[in-house]
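Please read the structure below before turning to the comments.
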Amino acid sequence: MKFHVEARNITKRFGPTTALNHAGIGIAPGETHALVGRNGAGKSTLVSILTGLQRPDEGEVLFAGEPAPALTDRDAWRRRVACVYQKSTIIPALSVAENLFLNRQGRYVKWGELRARARELLATYEVDVDAEALAGDLGVEQRQLLEIARALSFGATFIILDEPTARLDGPAIERLFTRMRTLREQGVTMMYISHHLDEVYEICQSVTVFRDARHVMTRPVADLPHDELVSAMTGEATAAYQARTRAVGEKLVLEADGLSLRGRYADVDLRVRAGEVVGLAGSASSGKIGLAETLAGLRRADAGTVTVNGVRPRQGDVPAFLEAGLGFVPEDRHHEGFVPMLSVGENGTMPIMRMLGRFGLVSPGRRRTRGEQMITELDIKTDGPDQPVADLSGGNAQKVVFARAMVNDPSALVVMNPTAGVDVKSKQALLGAVEDAAERGAGVVLVSDELDDLRICDRVLVMFHGRVVKDVPRGWTDHELVAVMEGIEE
């Protein structure tokens, strides 16, 4: 078979770590080909090689049978391949037009011409945004479409989509898939990376599995049973996470009364008891993220109160909420969850640094001990507490973020999209950690776009257009919950 893109026998080492071990992939012209595997399987390393950011130690990359260009020839790489990363590369402080033609305007910028070219490009790829709008004002979906348009504008006919749905809601995902099908009809070849296997079956024609830095298999999606795909990724049969039964206490650990935030949500009342897991569900515009961030102290409501353990900390004051006994796992681990160049131990013990020494000094030994304890409790795959978090896979980095939220044994916990962009095993570990916290007596608010995450909840509050429209007890069906989320049933 003639491949549009082929990586043959790729080996890449980083010091003593072998990130890819004679792995490879072949993608036919005009197909959407999935690349799946657990965190640490080698997917990100392959992406860096296919986009010309890294040179393999062994093996070769071919485009339409021709060897890949030199790493220094960035223009040649852009004409062959583009990548839309899970972490957006759009610059918020620049306009849409400036982002589209960044580093391509020439020495002197003709602003009228630049905006006209941008409008033409946006129209070509049916991206409904204003060329003069500030990119920072765009929603997640709009930024993602902007990145796709920018990638195609270089002339690339091969696009890598890395976890593109991680921060999109259901309708936005469907719009993305419609756009992908259109691009495929136009001859664009795509490599699709996702931990959501249902998406692989919906949008892809073939799938390649990596495990432990090696190629495991490549198969047509239509011929591959779901259980077999999971087994190939994990090396074993993996059952769905089974939610536990637990007792809920009487003590109220987190309360909200009459909370309102203009443009986000209105008149929200909330009660969370010790040992209870309460879900927040809804579309991206439902207000659930803004509400969760208010409950965690990141936002100040226009009206209403938040009470943690009987204390009303000053809204918008995160340290005050932490002091009151609240732990928080943010929506975006890259921007809000950790400091990349600090170690696992440093990130995990940030809330308790004052407890790890005297006279304002942190004892490295105490910090290392606490770091080792967190690594053991959450099974974080790392070289030790001194390893930078930036070197970890997505699932293990998320475990560090969760460990930090739990390091001070909080009585209330706000957890946002804990399993976004992590593999099957890490999802199970993180959901298990949420239930462990509840069993120790913490009251938990769990915000997620994943129905499987919400199954561990004792009840789910569904938000629609900024209001809580239904309190759904455990035992709901997918149809029931989605119908309420979409405003079909209340």
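The values are calculated or read from the model by the stated rules, or taken from the named source; none is laboratory data. All figures in this text were calculated on a predicted structure; none of them were measured in a lab. Cβ sites come from the backbone with ideal geometry, for glycine too, and all protein chains shown count toward neighbours.
Does A93 qualify as being in a loop (DSSP other than H, G, I, E, B), surrounded by fewer than 13 Cβ atoms within 10 Å (Cβ to Cβ), out of contact with any His (no Cβ under 9 Å at 6 or more places or on another chain) and at pLDDT 80 or above?
So A93 fits the description; yes.
Which residue is farthest from L35 (Cα to Cα), if the candidates are limited to region 407-423 and must be of a type in the set (A, V, I, L, M, F, W, C) and in contact with a strand residue (DSSP E or B) (Cβ under 6 Å, 6 or more places away or on another chain)?
The residue in question is A412.
Six or more apart or on different chains, Cβ under 8 Å: which pairs go from a residue in region 427-449 that's modelled with pLDDT of 90 or more to one that's aromatic (F, W, Y) and part of a helix (DSSP H, G or I)? Could you list them?
Partner pairs satisfying both residue conditions: none exist.
When only residues in region 410-454 that are in a helix (DSSP H, G or I) and of a type in the set (S, T, N, Q) count, which is nearest to K251 (Cα to Cα)?
Only one residue tops the list, namely Q428.
When region 283-327 is examined, which residues are found to be surrounded by 19 or more Cβ atoms within 10 Å (Cβ to Cβ), in a helix (DSSP H, G or I), over 23 Å from the mean Cα position of the chain (by Cα) and not aromatic (F, W, Y)?
L322, A324
Residue-wise test of (1) at pLDDT 95 or above; (2) buried (at least 18 other Cβ atoms within 10 Å of the Cβ); (3) touching a Cys at 6+ places or on another chain (Cβ under 7 Å); (4) on the phi < 0 side of the Ramachandran plot.
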| position | (1), (2), (3), (4) |
| --- | --- |
| G15 | no, no, no, no |
| A28 | yes, no, no, yes |
| H33 | yes, yes, yes, yes |
| G65 | no, no, no, no |
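In the list L145, L121, L152, which residue meets the criterion of being under 14 Å from S95 (Cβ atoms) and either part of a helix (DSSP H, G or I) or without any contact (Cβ under 8 Å) to a residue 24 or more places away in the chain (or both)?
Within the list L145, L121, L152, the selection yields L121.
Quick one: which of D223, D227 is modelled with pLDDT under 85, surrounded by fewer than 16 Cβ atoms within 10 Å (Cβ to Cβ) and not basic (K, R)?
One residue alone meets the criteria, D227.
Taking region 179-204 as the search range and keeping residues that are part of a loop (DSSP other than H, G, I, E, B) and more than 24 Å from the chain's Cα centre (by Cα), which one is nearest to E147 (Cα to Cα)?
V188
Among the numbered conditions (1) more than 17 Å from P410 (Cβ to Cβ); (2) modelled with pLDDT of 90 or more, tell me where N309 comes up short.
Of everything listed in (1) more than 17 Å from P410 (Cβ to Cβ); (2) modelled with pLDDT of 90 or more, N309 misses just condition (1).
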